[in-house]
Amino acid sequence: MQIFFDDRQCLHDPKRELHNGDWTDYFESASRARAIGSTVGKADAPGDFGEAPIASVHSPEYIQFLKTAMTRWREAGRSGDAIGYVWPVVRRRALQFGRIDADLGQYSMDASTPLTEGTWEAAYWNAQCAIAAANTVLSGDKSAFALCRPPGHHAGRDYLGGYCYLNNVAIAAQHALDNGRKRVAILDVDYHHGNGTQDIFWDRGDVLFASLHADPATDFPFYWGHADEQGEGAGAGSTMNYPLPRGTKIAGYQEALRKALERIEQFKPEMLLISFGADTFSQDPISHFELQAGDYSLIGSDIAALGLPSVIVMEGGYDLETLGQNTAEFLSAF
Ligand code: Q9C
Ligand code: ZN
């Protein structure tokens with residue numbers, strides 16, 4: 001299986017995050033990429049497919065914000081990473097003041113996703129990896145892996161959050177549609193609900209989004225991922241959420257997975273894109289499922305049994321000791 005990674009993805013390197021009322025070392029560290037890279041085999045640098053595939057998912061204003069936020073933050077006299085602290089709650093107007101602090105709130109959903117000097121460049125090459133993986137499968141390979149880091153599935157059309165800046169899996173899916181595919185499915189098996197991906201394809205009938213995740217009644221991102229969220233307009237019925245309780249083990253996980261896979265089969269997609277997170281692991285420091293080593297090959301085999309051309313995109317997973325092994329195990333099923 002071809003694997004894509006670019007060293008520039010490590011240029012994004014926040015120092016710390018707000019966690020349970022205190023500051024803690026940033027969980028989504030550049031060492032995650034090294035840990036995965038050391039177990040999954042040789043990776044290739046992606047080509048440069050430019051900004052157009054990114055712009056077909058994210059708004060021009062948001063892309064401009066990502067590119068310039070750090071310069072503006074420094075110009076405002078700040079040291080440290082750029083983090084928002086005021087948010088326009090639902091139904092506030094999207095006002096534009098040109099003030100960096102206001103824009104940080106406007107273009108983000110949480111306070112655990114700082115911008116650093118290298119964030120745009122890292123996110124850009126990260127997205128190129130997802131596009132390269134899609135291209136590999138579009139040209140006939142059975143599967144490909146985009147070793148994305150930072151992750152992407154919490155980022156919406158015009159907002160960052162949950163350690164995510166550009167929605168890599170959405171960019172890859174849209175790229176496949178822009179290159180001749182008519183219907184694609186996205187299966188999200190990260191511990192957290194992929195709210196950004198859901199928002200991006202909410203009213204779209206050509207993309208099925210199915211997500212297994214910790215019940216948002218107890219876990220981040222809280223305001224998305226409930227079972228009654230099913231899409232709207234042309235996308236009515238094309239969003240499927242399978243919230244699972246904390247403590248979920250492989251049996252409960254596979255039961256929900258089978259339902260999601262059945263729904264994907266009915267949709268008859270030409271390509272499957274998988275948001276893969278290893279943060280469902282029992283030892284993950286910020287998550288609460290009980291999956292064990294060995295379970296990832298079972299999950300991988302269940303998904304691979306669909307026989308669909310598959311693009312696998314890395315999302316979360318924060319236990320550096322096991323992240324590489326669990327990811328390699330999942331990939332080996334494809
Ligand atoms: N500081 C992904 O797994 N948690 N994102 C915020 C802890 C955010 C996880 C509270 C979790 C986001 C891709
Ligand atoms: Zn996650």
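The values are calculated or read from the model by the stated rules, or taken from the named source; none is laboratory data. The shown structure was predicted, so the numbers you read here are calculated from the model rather than taken from an experiment. We place every Cβ from the backbone using ideal geometry, glycine too, and count neighbours over all the protein chains shown.
Within region 187-211, the set of residues being within 15 Å of ligand 2 (Cβ to nearest atom) and either within 14 Å of V57 (Cα to Cα) or not small (G, A, S) (or both) comprises L187, D188, V189, D190, Y191, H192, H193, N195, G196, T197, Q198. Of the residues making up region 59-76, those that are touching a residue at least 40 places away in the same chain (Cβ under 8 Å) and either touching a Phe, Trp or Tyr at 6+ places or on another chain (Cβ under 6 Å) or part of a helix (DSSP H, G or I) (or both) are E61, Y62, F65, L66, K67, A69, M70, W73. Among the residues of region 3-37, how many are under 21 Å from A69 (Cβ atoms), in contact with a strand residue (DSSP E or B) (Cβ under 6 Å, 6 or more places away or on another chain) and away from ligand 2 (no atom under 16 Å from the Cβ)? Result for region 3-37: 2.
Scanning region 100-114 for residues that are touching a helix residue (DSSP H, G or I) at 6+ places or on another chain (Cβ under 9 Å) and within 13 Å of Y159 (Cβ to Cβ) yields a total of 5. Filtering region 5-28 to residues that are touching a Lys or Arg at 6+ places or on another chain (Cβ under 9 Å) and closer than 14 Å to A123 by Cα leaves F5, Q9, C10, H12, E28. Within region 65-76, being over 20 Å from T197 (Cα atoms) and of a type outside the set (G, A, S) holds for K67, T68, M70, T71, R72, W73, R74, E75. Within region 116-130, is even one residue β-branched (V, I, T) and within 14 Å of ligand 2 (Cβ to nearest atom)? Scanning region 116-130, I find no residue that is β-branched (V, I, T) and within 14 Å of ligand 2 (Cβ to nearest atom), so the answer is no. Taking first residues from region 192-205 that are modelled with pLDDT of 95 or more and partners that are within 16 Å of ligand 2 (Cβ to nearest atom) and of a type in the set (V, I, T), the Cβ contacts under 8 Å between residues at least 6 apart in sequence or on separate chains come to G194/V169; G194/I186; T197/V169; T197/I186; F201/I186.
When each of A172, A185, A144 is tested for being in contact (Cβ under 8 Å) with a residue 24 or more places away in the chain, in contact with a strand residue (DSSP E or B) (Cβ under 8 Å, 6 or more places away or on another chain) and either of a type in the set (F, W, Y) or farther than 22 Å from N241 by Cα (or both), the lone residue that passes is A144.
When restricted to residues that are out of contact with any helix residue (DSSP H, G or I) (no Cβ under 7 Å at 6 or more places or on another chain), among the aromatic types (F, W, Y) and under 23 Å from C164 (Cβ atoms), region 254-287 contains 0.
So that you can scan it fast, the table gives a plain yes or no per residue for (1) in contact with an Asp or Glu (Cβ under 7 Å, 6 or more places away or on another chain); (2) within 16 Å of ligand 2 (Cβ to nearest atom):
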residue: G225; (1), (2): no, yes
residue: Q254; (1), (2): yes, no
residue: A304; (1), (2): no, no
residue: G317; (1), (2): yes, yes
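Across region 320-334, the number of residues qualifying as assigned to a loop (DSSP other than H, G, I, E, B) and more than 20 Å from T24 (Cα to Cα) comes to 4. When region 92-132 is examined, which residues are found to be touching a Pro at 6+ places or on another chain (Cβ under 9 Å), more than 15 Å from E28 (Cβ to Cβ) and outside any loop (DSSP other than H, G, I, E, B)? Correct list: A102, G105, Q106, W125, A127, Q128, C129, A130, I131, A132.
Just a yes or no: is a residue in region 304-319 assigned to a helix (DSSP H, G or I), within 15 Å of ligand 1 (Cβ to nearest atom) and at pLDDT 95 or above? Scanning region 304-319, I find no residue that is assigned to a helix (DSSP H, G or I), within 15 Å of ligand 1 (Cβ to nearest atom) and at pLDDT 95 or above, so the answer is no.
A count restricted to region 44-58 and to residues that are exposed (fewer than 13 other Cβ atoms within 10 Å of the Cβ) and assigned to a loop (DSSP other than H, G, I, E, B) stands at 3. Each residue in region 110-144 was checked for being within 16 Å of ligand 1 (Cβ to nearest atom), crowded, with 24+ Cβ neighbours inside 10 Å and not hydrophobic (A, V, I, L, M, F, W, C), and 4 pass.
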